[in-house]
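Here is the structure we will look at.
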Amino acid sequence: MQARAALASVLAVVLALSGCAQPRGSIHAAGGPQPIESTTPPTPTPRPTRTKPPLRPLPSTLPSGLRRTTGVKPVALTFDDGPNPTWTPKVLDQLRAARVSATFCVVGHEAQRHPELIRRIVREGHQLCNHSWRHDLDLARRPVAEIRADLARTNKAIRAAAPNAPVPFYRQPGGRWTAEVLTVAKQLGMRPLHWTVDPQDWAKPTATTIAKRIHSAARPGAIVLLHDGGGDRAATLAACPHLIADLKRRYGIARLR
């Protein structure tokens, strides 16, 4: 009897140990198939897609109400896409040497990065023009609320650098105007500023070509488009002394009013 009792005790211990080896909450028959964990990743829940509103088409002709001449015999010089720490100071040096003023159409992001150049432009008697936050060529085709936010943000950056400086003009990047951007600019107290003469200095022709193009296209009251930012402006800078002297002699150079 004692031997049977001892054998029963041993069997009980063996069975207890076998039960502890099974994962908690799962009991499997001896020799049966073991569970296999799935290696397939869970299917992600699709995120809702946001569709952007379609861009408005550009008008087939420039809308009315653009400022395209000075209204007087002297011509006006405008410089776009700055301020740039390499080129804007050199352009300002040349304008000061020639004793003429210009209008600088500044990009808000660059104005925020280089506020000291905005202050110098104003200090040396030049005008400021809003040229959008990041030179968005399609800005005028976007929803009106986006246009207004972009122009207001740019004005805020300009006035953070030069609090008392007026910003009387807005120029649409690429000249890609719509009636909507004209309306927003006017609501923010800015006149839409276009141009008469575009020598396409942004395409980096030679300085001689830039000067010749301006000489051929300029007329009394012309607004000349040039660039002091957005890329290498060495050719524009090299052309400035000749073209400024030529325009001063033929028509005079005046500040926009």
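Only one of T51, T88, T61 is under 25 Å from R153 (Cβ atoms), out of contact with any strand residue (DSSP E or B) (no Cβ under 7 Å at 6 or more places or on another chain) and free of Cβ contacts under 8 Å to residues at least 12 places away in the same chain; which? Residue meeting the stated conditions: T51.
Do we find a residue being part of a helix (DSSP H, G or I), of a type in the set (S, T, Y) and either more than 22 Å from L193 (Cβ to Cβ) or in contact with a strand residue (DSSP E or B) (Cβ under 8 Å, 6 or more places away or on another chain) (or both) anywhere in the range 242-254? Spell out how you get there, then give the answer.
As a first pass, look at the range 242-254 and keep what is part of a helix (DSSP H, G or I): 242-250.
Keeping just the survivors that are of a type in the set (S, T, Y) gives none.
Within the range 242-254 (the criterion being part of a helix (DSSP H, G or I), of a type in the set (S, T, Y) and either more than 22 Å from L193 (Cβ to Cβ) or in contact with a strand residue (DSSP E or B) (Cβ under 8 Å, 6 or more places away or on another chain) (or both)), the answer is no, since none of the residues qualifies.
Taking the range 204-228 as the region of interest, how many residues are surrounded by fewer than 16 Cβ atoms within 10 Å (Cβ to Cβ) and without any contact (Cβ under 8 Å) to a residue 12 or more places away in the chain? Residues flagged as surrounded by fewer than 16 Cβ atoms within 10 Å (Cβ to Cβ) and without any contact (Cβ under 8 Å) to a residue 12 or more places away in the chain within the range 204-228 amount to 1.
Do we find a residue being surrounded by 23 or more Cβ atoms within 10 Å (Cβ to Cβ) and either in contact with a Pro (Cβ under 7 Å, 6 or more places away or on another chain) or closer than 24 Å to A162 by Cβ (or both) anywhere in the range 50-58? Break it down stepwise before answering.
To start, the set of residues in the range 50-58 that are surrounded by 23 or more Cβ atoms within 10 Å (Cβ to Cβ) comprises none.
Checking the range 50-58: not a single residue is surrounded by 23 or more Cβ atoms within 10 Å (Cβ to Cβ) and either in contact with a Pro (Cβ under 7 Å, 6 or more places away or on another chain) or closer than 24 Å to A162 by Cβ (or both).
With respect to the stated conditions, D246 fails to be of a type in the set (D, E), within 22 Å of I121 (Cβ to Cβ) and surrounded by fewer than 18 Cβ atoms within 10 Å (Cβ to Cβ). Within the range 207-219, is there a residue that is within 18 Å of P83 (Cα to Cα) and aliphatic (A, V, I, L, M)? Scanning the range 207-219, I find no residue that is within 18 Å of P83 (Cα to Cα) and aliphatic (A, V, I, L, M), so the answer is no. Checking each residue in the range 67-79 for being buried (at least 17 other Cβ atoms within 10 Å of the Cβ), of a type outside the set (S, T, N, Q) and not in a strand (DSSP E or B) picks out only P74. Candidates N84, N155, N164: the one that is under 23 Å from R255 (Cα atoms) and not in a loop (DSSP other than H, G, I, E, B) is N155. Of the residues screened, A145 is one that is free of Cβ contacts under 8 Å to residues at least 12 places away in the same chain and either under 28 Å from G125 (Cβ atoms) or not in a loop (DSSP other than H, G, I, E, B) (or both). With the condition kept exactly as written, say whether any residue in the range 192-203 is in contact with a helix residue (DSSP H, G or I) (Cβ under 8 Å, 6 or more places away or on another chain), assigned to a strand (DSSP E or B), open to solvent by less than 10 Å² (accessible area, probe 1.4 Å) and modelled with pLDDT of 95 or more. Looking through the range 192-203, at least one residue is in contact with a helix residue (DSSP H, G or I) (Cβ under 8 Å, 6 or more places away or on another chain), assigned to a strand (DSSP E or B), open to solvent by less than 10 Å² (accessible area, probe 1.4 Å) and modelled with pLDDT of 95 or more. Being in a loop (DSSP other than H, G, I, E, B) and touching a residue at least 60 places away in the same chain (Cβ under 8 Å) is the filter; apply it to the range 178-191 and report the residue that is surrounded by the most Cβ atoms within 10 Å (Cβ to Cβ). My answer is T178. Of the residues making up the range 116-135, those that are open to solvent by less than 40 Å² (accessible area, probe 1.4 Å) and either assigned to a loop (DSSP other than H, G, I, E, B) or touching a helix residue (DSSP H, G or I) at 6+ places or on another chain (Cβ under 9 Å) (or both) are L117, I118, R120, I121, G125, H126, Q127, L128, N130, H131, S132, W133. Listed by first and then second residue, the pairs linking a residue in the range 98-109 that is in a strand (DSSP E or B) to a residue that is surrounded by fewer than 24 Cβ atoms within 10 Å (Cβ to Cβ) and polar (S, T, N, Q), with Cβ atoms under 8 Å apart and 6 or more places separating them unless they lie on different chains, are T103/Q127; F104/Q127.
Taking the stated definitions as given, is P168 touching a residue at least 40 places away in the same chain (Cβ under 8 Å), under 22 Å from V91 (Cβ atoms) and open to solvent by 10 Å² or more (accessible area, probe 1.4 Å)? Spell out how you get there, then give the answer.
Details: touching a residue at least 40 places away in the same chain (Cβ under 8 Å): yes; under 22 Å from V91 (Cβ atoms): yes; open to solvent by 10 Å² or more (accessible area, probe 1.4 Å): yes.
For P168, the condition - touching a residue at least 40 places away in the same chain (Cβ under 8 Å), under 22 Å from V91 (Cβ atoms) and open to solvent by 10 Å² or more (accessible area, probe 1.4 Å) - is met.
The values are calculated or read from the model by the stated rules, or taken from the named source; none is laboratory data. Bear in mind the structure is a predicted one, so any value in this text is a computation, not a measurement. Don't worry about glycine lacking a Cβ; one is built from the backbone with ideal geometry, like all the others, and counts go over all protein chains shown. All accessible areas refer to the heavy atoms of the entire protein, side chains included, with ligands and DNA or RNA removed. Shrake-Rupley method; radii C 1.70, N 1.55, O 1.52, S 1.80 Å.
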